[in-house]
Amino acid sequence: MIKTTIKISLVLVVIFIAYKFFKDDSNRPYESSFLYKLSSGEKNQLQTGDIILRRGYGFVSTMISKMMNEDYDVTHLGVVIKQNDNLKIAHALSSSVSNQDGLRLQAIDSFVHNSHDSTILVTRLKNIDVLKQDKIVKQIEYYYKKQLPFDHSFNYKDTTEHYCSELIWRIYEHNLKILNVADSLTDQQKYNTLKTFYDPNYFDIIINHQK
């Protein structure tokens with residue numbers, strides 16, 4: 001009986017640990033003793049349309065990190081939306097690691113909190129202006145209303161679903177045409193990596209916690 005109780009307790013502990021690491025829950029309570037966040041000064045630097053990259057938790061992020069061979073330790077990204085004094089991150093997530101499938105708007109503190117320490121990287125599209133920023137916001141609103149599911153097949157040619165970087169490519173390159181990359185890049189190089197979003201030819205690095 002005692003052995004059975006111990007086994008059950010161990011199973012419950014394993015389930016709890018797995019849930020904490022595999023679940024990206026924006027509503028989980030903050031623990032100020034280990035909260036990873038941007039400083040007030042860093043938040044003041046942010047603008048609508050900035051790209052924020054991070055390394056997330058969980059098995060999927062680990063696999064992405066190993067497969068993509070990035071120059072920075074990043075596996076996920078989103079778009080900064082600044083409205084009044086509020087900062088939101090628009091990003092596409094799978095329901096397998098989140099309490100919501102597809103495009104979501106998440107408070108920036110929560111987004112950073114769900115990141116590995118010292119992995120935040122914020123970049124800004126070169127030659128961006130207020131007009132382009134307004135168009136980005138309208139695009140985010142459009143896709144948020146459509147509530148397209150997360151693209152688990154990672155098929156960038158399928159416009160009915162989006163994975164995180166695909167959503168940004170769709171808005172910046174295909175729809176608004178404000179991101180124009182070299183013709184020499186193959187689709188594989190563009191859509192199956194995050195490198196373009198910190199490539200100095202197209203983006204300036206605004207905040208770098210990976211120095």
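Below, the figures for the structure above:
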read-out: Residues that are in a loop (DSSP other than H, G, I, E, B), in contact with a strand residue (DSSP E or B) (Cβ under 7 Å, 6 or more places away or on another chain), surrounded by fewer than 21 Cβ atoms within 10 Å (Cβ to Cβ) and modelled with pLDDT of 80 or more, drawn from the range 64-96; value: 72
read-out: Residue among 110, 153 that alone is at pLDDT below 95 and within 14 Å of the chain's Cα centre (by Cα); value: 110
read-out: Residue that is nearest to residue 74 (Cα to Cα), among those in the range 183-197 that are in contact with a helix residue (DSSP H, G or I) (Cβ under 8 Å, 6 or more places away or on another chain) and of a type in the set (Ser, Thr, Tyr); value: 193
read-out: Verdict on residue 158 being farther than 25 Å from residue 56 by Cα and out of contact with any Leu (no Cβ under 8 Å at 6 or more places or on another chain); value: no
read-out: Residue selected from the range 46-63 under the condition modelled with pLDDT of 70 or more and among the hydroxyl-bearing types (Ser, Thr, Tyr), by the criterion farthest from residue 117 (Cα to Cα); value: 48
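The values are calculated or read from the model by the stated rules, or taken from the named source; none is laboratory data. All values derive from a computational prediction rather than experimental measurement. For neighbour counting, all protein chains shown are included, and Cβ atoms are generated from backbone atoms with ideal geometry for every residue, glycine included.
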